[in-house]
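Since every read-out is calculated from the coordinates, none of them should be taken as a lab result. Predicted model, so just to flag it, every value in this text is computed and none were measured. As a convention, Cβ positions derive from the backbone with ideal geometry for all residues, glycine included, and neighbour counts pool all protein chains shown.
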Amino acid sequence: MSEQLPLSLDASADPPTLFDGTTRLYISYICPYAQRTWIARNYKGLQDKIKLVPINLQNRPRWYKEKVYPVNKVPALEHNNQVKGESLDLLKYIDENFEGPKLFPNDPAKQQFATELLDYSDTFNEVNHPAIASKGDVPYELDAAFDKLEEALAKFDDGPFFLGEFSLVDIAYAPFIERFQCGFQALKNYDITKGRPRLAKWTEELNKIDAYTATKGDPEEFLHALKKRFGIE
């Protein structure tokens, strides 16, 4: 049975009772960084152990910055009387501190490659975002970025994911590729999987994982947000 998702809290909402022993994951349903941690929570089967607290980023409660997370961003995790942030750090923290399937491999070669790909993820996003707003054809840098992912998917042949088996790396990239695939197709008529069979297979297999599909957003909302962010008519 699918999880009943709580409504997003806005400026009129009262704060939860902080540090009462409840583990809370503060997210936004539209934020790809928060989606990373939401996927990890789901995949490890922690729906009953980690409570979702969605925040309305357009009208966020003052108490979130004042009492929960002074950085005033999502995601943030309230656990053991502390609040931690930064999505990639939280992926590792959730994997190391909670029960459920391990998302970081034991194999040293896979660990090293995982670290490289996680380090590259910000660069990948920095290439994609301006490319969506660019005039004319997609820039060479965009092709190179997706070709790099296609090449990375060939490194291990024991499964369709970046490290063979599903891992933190797939979770780190999934929310952004979900948005880029939608945005480039609609705004640039550019199919990120064309000529990239491994990326196409990765996308196909990713969409079979309930922990991910339960977090997927509405493509129309993605497009609206992208157009608004980059001033695209």
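Of the listed values (i) 23.2; (ii) 21.0; (iii) 18.7, identify the label whose number matches Kirkwood radius over Cα pairs in Å calculated from this model. Read-out from the structure maps to (iii).
Relative contact order of segment 10-94, taken over Cα pairs closer than 8 Å and 6 or more residues apart, is 40 percent. For Leu52, the amide hydrogen comes within under 5 Å of the amide hydrogens of Leu25, counting only partners 5 or more places away or on other chains and with H modelled in the peptide plane. Cross-link reach is defined here as a Cα-Cα straight distance under 20 Å, omitting same-chain residues fewer than 8 places apart; for Lys65 the lysines meeting it are Lys51, Lys73, Lys84. Between Gly217, Gly100, Gly21, the GNM of the chain built on Cα springs shorter than 10 angstrom shows Gly21 fluctuating the most. In this Cβ point-charge picture (+1 for Lys and Arg, -1 for Asp and Glu), segment 146-233 has a dipole of about 360 debye about its Cα centre. Each Lys and Arg Cβ is given +1 and each Asp and Glu Cβ -1; about its Cα centre, segment 35-161 then shows a dipole of about 1000 debye.
Note on Glu151 and Lys65: their simple-model spin labels are 4.3 nm apart, each label 7 Å out from Cα toward Cβ. For the chain, the relative contact order comes to 20 percent (Cα pairs under 8 Å, sequence separation of at least 6). Applying a DSSP loop filter and a limit of 11 other Cβ atoms within 10 Å to the GluC sites (Glu not before Pro) in segment 1-82 leaves Glu3. Evaluated on segment 1-65, the Kirkwood hydrodynamic radius is 12.5 Å, with distances taken between all distinct Cα atoms. Residues considered: Asp137, Asp122, Asp147. Largest GNM mean-square fluctuation over the chain, using C-alpha springs under 10 Å, is found at Asp137. Of all beta bridges that DSSP places with both ends in the chain, some 65 percent have antiparallel geometry. A dipole drawn for segment 108-230 from +1 and -1 charges on Cβ atoms has a positive end, and of Asn128, Ala109, Ala200 the residue lying farthest that way is Asn128. Gyration tensor analysis over the Cα atoms of segment 120-233 returns equivalent ellipsoid semi-axes of 24, 17, 11 Å (largest first, whole Å). Looking only at Asp107, Asp119, Asp89, which one moves most when the chain is put into a Gaussian network model with springs between Cα atoms under 10 Å? Answer for the Gaussian network model of the chain: Asp107. Taking Cα centre as origin and charging only the Cβ of basic (Lys, Arg, +1) and acidic (Asp, Glu, -1) residues, the dipole magnitude of the chain rounds to 600 debye. Need one word for segment 24-97: rounded, prolate or oblate. Basis is the Cα gyration tensor (sqrt eigenvalues a ≥ b ≥ c); a/c below 1.5 gives rounded, then a/b vs b/c decides. Judged from the Cα gyration tensor, segment 24-97 comes out prolate (a/c at least 1.5, a/b above b/c).
Percent antiparallel among DSSP beta bridges with both residues in segment 24-97, to the nearest 5? Approximately 65 percent, going by the DSSP bridge assignments.
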